[in-house]
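**Q** Please read through the structure below; I'll follow up with questions.
Computed from the coordinates by the stated procedures, all read-outs in this text should not be read as laboratory data. Predicted model, so just to flag it, every value in this text is computed and none were measured. Cβ placement follows ideal geometry from the backbone for every residue including glycine, while neighbour counts extend to all protein chains displayed.
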Amino acid sequence: MLPFFTYARPFGGQASEVHFCFNRTIYVVLGPPSGGIFVWTQGTHSYEFGPPMHAGQWLLGLSGVPDICLYTVDPIDIRAADAIIMHGRSQ
């Protein structure tokens, strides 16, 4: 039997950009201390206040394998980023 591997990277920081995508995901850019570019999906487990809603919120959680965001439809702009597995956020 082959071993199963899981990719999970902790992240945390203040959101500088939150964009609602056409494929029902949310594209989030986080700043320091442990930021990056992430995609919130329908499968993300969100604690307390739900998914990210606007810039300025603080997020803390785990990210996993890459997922996509259909950023714009015309012209088509698809952005890939690590999917958020679970997270909590400030109000």
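**Q** Quick one: among 41, 25, 72, which has the greatest mean-square fluctuation in a GNM of the chain with alpha-carbon springs under 10 angstrom?
**A** For the chain, modelled as a Gaussian network with Cα springs under 10 Å, the answer is 72.
**Q** Work through the residues other than residue 70 whose Cβ is under 14 Å from its Cβ and net out their charges, Lys, Arg +1 and Asp, Glu -1.
**A** -1
**Q** For segment 13-54, what is the relative contact order in percent, using Cα pairs closer than 8 Å and at least 6 residues apart in sequence?
**A** 35
**Q** Expected output is a single nm value to one decimal: the length gained when fully extending between residue 60 and residue 45, i.e. 0.36 nm times separation in residues minus the C-alpha distance. What is it?
**A** Net length gain for the segment: 4.2 nm.
**Q** Also, quick follow-up: Just to be sure I understand the model, the point goes 7 Å from the Cα along the line to the Cβ. What's the resulting residue 71 to residue 8 distance in nm?
**A** Spacing of the two 7 Å Cα→Cβ label points: 2.9 nm.
**Q** Another question, then. Give me 40, 58 sorted ascending by neighbouring Cβ count inside 10 Å, so fewest comes first.
**A** If I rank by nearby Cβ atoms, fewest first, I get 58, 40.
**Q** Still on this structure: Enumerate the calculated ³J(HN,Hα) couplings along segment 36-41 in order (Karplus 6.51 cos²θ - 1.76 cosθ + 1.60, θ = phi - 60°), each rounded to whole Hz, writing x wherever the residue is Gly or Pro.
**A** Values, residue by residue: x, 10, 9, 10, 7, 10 Hz.
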